[in-house]
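The values are calculated or read from the model by the stated rules, or taken from the named source; none is laboratory data. In this text the structure is predicted, and so the values were computed from the model without any measurement. Cβ placement follows ideal geometry from the backbone for every residue including glycine, while neighbour counts extend to all protein chains displayed.
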Amino acid sequence: MESEKLLDGRLKLRHLTLVTAVADQGSVIRAAQELHITQPVVTRALHDLETILGVPLFERHHRGMTLTLYGESFVGHARTVLAQLRQAGEELTHLAAGNLGTVTIGIHLAGSNLLLPRAMAALKQAHPSVTVVVREADPDTLRAGLLSGEIDLTLGRLIGSPPPRLTHEQLYREPVRLAARAGHPAHRQRSPSLSQLRRYPWVLPIDRTALRAELEELFTHENVELPADRIECTSMPTLRHFLLSTDAIAALPLLIATQDADLRLIDTPLKSISQAVGITRPSDRPLSPAAEALHQRLREEAQALAELLTMDGADDFAAPREKP
């Protein structure tokens, strides 16, 4: 297929809307119902689109339709185009009303308890009319939201190279420390080892996450088996309640552990574990004015936190430790 054919006037926006609807719904019938049009209209438009492109976008079978390799590629670009057009419309509406509009940011643990609130406070002080929508989800869901245009940028831990069509920006590195409730017996021990702490319940990150892999490597290096008494959880509200109601121990980002008045750091440094905290954003479309304004505030507040997270300043965050 010659790429110029996409610009010869035959490809319409309705083709993009229809193909993404079929991809989402898995059938022509359900796509037609979602779009409130008839099935023949969808079937005919899909046939026209495949004729224009010269490749099959879907495999048809008795249970519905699944994307081909060509379809996965084209639908990804279609979503980007539609997202950019929606963003353009929203920007024009808000700019005409004299404000920057709305920014949607996705979060997953790191940076959510201190950096983001500070950045939002600074943003609202400068632009009171900006609406900030915060969505908390697992990394895979946030990544899908970025690619579809439903989320403007995400804040959290950066792992490896960014996926296709996304870009990373590191803001600071944050140590990971062990924490438990105030009054926990481990606080009365001086520098307890992992072997000593293993007898308590633990909260570990779910399997196949970066922090879980790092903790497993640390236990292996210390020749200590993973705690048998454990739960696996990444929901901060659930994790926190479990920590406060039991003798459980968890590995938490320093800025989360030290900003909770009911938690205390355990005097067992995890020198080999830290995390890069930063922003992930699409690389194939610009940020909206509201998203760019929040982006700048995140950078400014992160710089202040980074200075306090140096070796000499990390203790500025620490809640008082209990004496052994």
*Does the range 114-135 include one or more residues that are touching a Lys or Arg at 6+ places or on another chain (Cβ under 6 Å) and modelled with pLDDT under 85?*
no
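Inside the range 1-114, counting only strands (runs of 3 or more DSSP E) that do not spill past its ends, which hold 2 or more residues that are in the same structural domain as residue 237 (by TED's automatic domain parsing)? Spell out how you get there, then give the answer.
Details: elements: 58-61, 64-67, 102-108.
By residue number, no strands (runs of 3 or more DSSP E) qualify.
Does the range 211-222 include one or more residues that are among the small types (Gly, Ala, Ser), out of contact with any helix residue (DSSP H, G or I) (no Cβ under 8 Å at 6 or more places or on another chain) and touching a residue at least 24 places away in the same chain (Cβ under 8 Å)?
Here is the first cut: in the range 211-222, the ones among the small types (Gly, Ala, Ser) are 213.
Within this subset, residues satisfying the condition of being out of contact with any helix residue (DSSP H, G or I) (no Cβ under 8 Å at 6 or more places or on another chain) are 213.
If we keep only those that are touching a residue at least 24 places away in the same chain (Cβ under 8 Å) as well, we get none.
No - not one qualifying residue is present in the range 211-222.
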*asked:* Going through 254, 226, 211 one at a time, which residue ends up being buried (at least 17 other Cβ atoms within 10 Å of the Cβ), in contact with a Leu (Cβ under 8 Å, 6 or more places away or on another chain), under 18 Å from residue 176 (Cα atoms) and not basic (Lys, Arg)?
replied: 254
*Find all pairs meeting these conditions: Cβ atoms under 7 angstrom apart; at least six residues apart or on different chains; first residue within the range 16-38 and on the phi > 0 side of the Ramachandran plot; second residue outside any helix (DSSP H, G or I) and of a type in the set (Gly, Ala, Ser).*
26/64
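Out of the residues in the range 257-282 meeting the condition of being within 16 Å of the chain's Cα centre (by Cα) and modelled with pLDDT of 90 or more, tell me which one is farthest from residue 245 (Cα to Cα).
So in the range 257-282, the residues within 16 Å of the chain's Cα centre (by Cα) come out as 275-282.
This time we only want the ones that are modelled with pLDDT of 90 or more, so: 278-282.
On the way: 278: 32, 279: 33, 280: 35, 281: 38, 282: 41 Å.
The residue in question is 282.
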*Please state which of the following conditions residue 191 fails to meet, knowing it meets all the rest: (1) part of a loop (DSSP other than H, G, I, E, B); (2) at negative phi; (3) polar (S, T, N, Q).*
(2)
*Consider residue 218 carefully, then state whether it is outside the structural domain of residue 140 (by TED's automatic domain parsing), in contact with a Ser or Thr (Cβ under 8 Å, 6 or more places away or on another chain) and either surrounded by 16 or more Cβ atoms within 10 Å (Cβ to Cβ) or modelled with pLDDT under 90 (or both).*
yes
*Considering only residues that are among the aliphatic types (A, V, I, L, M), modelled with pLDDT under 90 and assigned to a loop (DSSP other than H, G, I, E, B), look in the range 136-167 and name the one that is nearest to residue 103 (Cα to Cα).*
137
